[in-house]
Amino acid sequence: MTERELFPEEQLLRTIFSGVDKNGKEPSFETLWGQEKGRKILHENFGSFLAQLPHKECQVLRLYYGLFDGWKFTPEEIGEKLGLKVEKTNHILKKLMTTLKDPKTKSFLSQE
């Protein structure tokens, strides 16, 4: 049996929650996403997180991970769409991933 394809938001959240902190207190993606309540919390909190981002950063994240309509774009394509240099797009993506993997962000995303 093959696994179903993950939705773009699911893929991003799986990336964010890959691994467990040293204390073993951080919930895994599978634990959170495997429960209806956990999926709802992650989805709602992720929406709140996106709403707090500066507009340009939110657009870069949504385009790169296909959060608009499932179509993923390369940093080059994102740069062309948003009028950014590839280096700036890559810098924004790197900054966003650092922020998303930060324990405080993970805690925010998984809090009830």
- Note on the structure: Looking only at lysines whose Cα falls under 26 Å of LYS104's and that sit 8 or more positions away or on another chain, we get LYS22, LYS25, LYS37, LYS40, LYS56, LYS88, LYS94, LYS95
- Query: Computed FRET efficiency, Cβ-Cβ of GLU44 and LYS94, R0 30 Å: what is it to the nearest 0.05?
  - Reply: 0.70
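Where a number appears in this text, it was derived from the coordinates with a stated rule and is not lab data. Here the structure is a predicted model, which means the values were calculated and not measured. Positions of Cβ are backbone-derived with ideal geometry, glycine not excepted, and every protein chain shown enters the neighbour counts.
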